[in-house]
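Chemist: Dropping the structure in here first, questions after.
Nothing in this text is a laboratory measurement; each read-out follows from the coordinates by a stated rule. Since this is a predicted model, take the numbers as computed values, not measurements. Note that each Cβ is placed from the backbone with ideal geometry, even for glycine, and that neighbours are counted across all protein chains shown.
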Amino acid sequence: AFSYVEQIGAEHDVKYPSCVIDSLAISGDSLNRIMGTCTFRGSGKRVTPSGVNFATQVGSSSDLHYFYNTQVGMHFESLGAMIGSLDYTCDYDNFSFAVRNGLNPEGGYRAGCGKYQVDEDSTSGAIRSELLFGQRDISLSFTVRLNTSSDEYEYLQTQSLLSGYVEMTGADITGAYKHKLKIELEKTAMEAITIAAEADNMVTLQINLR
């Protein structure tokens, strides 16, 4: 769990503790920055003032590092000997990754816990004492260009299983260390959809993993 803080000058200074992620999406397209969206829920607790000093407790926005779609690499493996490893470089176009945790917000209000907006004050309103995950849903889709005469294309048409990862490699931290984000998936079901045909037996495929 984490705390979410909002500050707008001296007029608005609020902290929402005990938050967890409901959904997270990361995507890359063209030559643009990697985009991310996140939704989350808290216990219902609202603390004002927050007690957080952005100048001393929160890093400067100048310290942020961005990933770009040009920094994305993909590596996948078939679960058999047919094609082995698949590494997408120049044939890669875009990707979209999403996680939905399926939270149960209404089930978090436990009468016996006695959790209130103001401690020990039942008239101040109940807050959640827990927030459990339901059925998680994870998906990844990406678009690549392939030759229709390749073993890889034939394998993808079988709607079989794949394991692998999407990796974003950013700027240097120090020495050989770089900013990096890696998304790994194991034994995921695959669906391949042809979305465009080009010359010389080349096609553009959208591959969905779940």
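Chemist: May I have the extent of the alpha carbons of segment 72-197 along their three principal axes, as whole Å values ordered from largest to smallest?
Modeler: Projected onto its principal axes, the Cα set of segment 72-197 covers 70, 42, 28 Å.
Chemist: Further, regarding this structure: Divide the volume of the convex hull of the Cα atoms of the chain by its number of residues and quote the answer in cubic angstrom per residue. Show your work: numbers first, answer last.
Modeler: On the way: hull volume 37.5 nm³, N = 210.
Per residue, the Cα convex hull of the chain comes to 179 Å³.
Chemist: A follow-up question, please. With labels modelled as points extended 7 Å from the Cα through the Cβ direction, what inter-label distance (nm, one decimal) is found for Phe54 paired with His75?
Modeler: For Phe54 paired with His75, the spin-label model returns 4.0 nm.
Chemist: In the chain, what percentage of the DSSP-assigned beta bridges are antiparallel, given to the nearest 5?
Modeler: Numbers: 67 of 67 bridges.
Counting DSSP beta bridges with both partners in the chain, the antiparallel share is about 100 percent.
Chemist: So how much slack lies between Ser122 and Ile8, counting 0.36 nm per residue of separation and subtracting their Cα-Cα distance, in nm?
Modeler: That works out to 38.0 nm of additional length.
Chemist: For a quick size check, give me the Cα extents of segment 1-69 along its three principal axes, largest first, whole Å.
Modeler: That works out to 42, 28, 19 Å along the principal axes.
Chemist: Also: Using alpha-carbon positions, what is the distance between the centroids of segment 1-71 and segment 125-153, in Å?
Modeler: 22
Chemist: Shifting gears a bit: Against the empirical 2.2 N^0.38 Å scaling, what ratio does the C-alpha Rg of segment 171-210 come to?
Modeler: On the way: Rg = 17.1 Å, N = 40, 2.2 N^0.38 = 8.9 Å.
Compactness ratio reported: 1.92.
Chemist: Which whole-Hz ³J(HN,Hα) couplings does segment 174-190 yield from phi under the Karplus relation 6.51 cos²θ - 1.76 cosθ + 1.60, θ = phi - 60°, glycine and proline marked x?
Modeler: 6, x, 8, 8, 10, 5, 8, 10, 10, 10, 10, 10, 10, 6, 9, 5, 10
Chemist: Taking only Cα atoms of segment 1-119, what ratio of Rg to Rh do you get with Rh as the Kirkwood inverse-distance radius?
Modeler: Numbers: Rg = 20.9 Å, Rh = 18.5 Å.
Value, to two decimals: 1.12.
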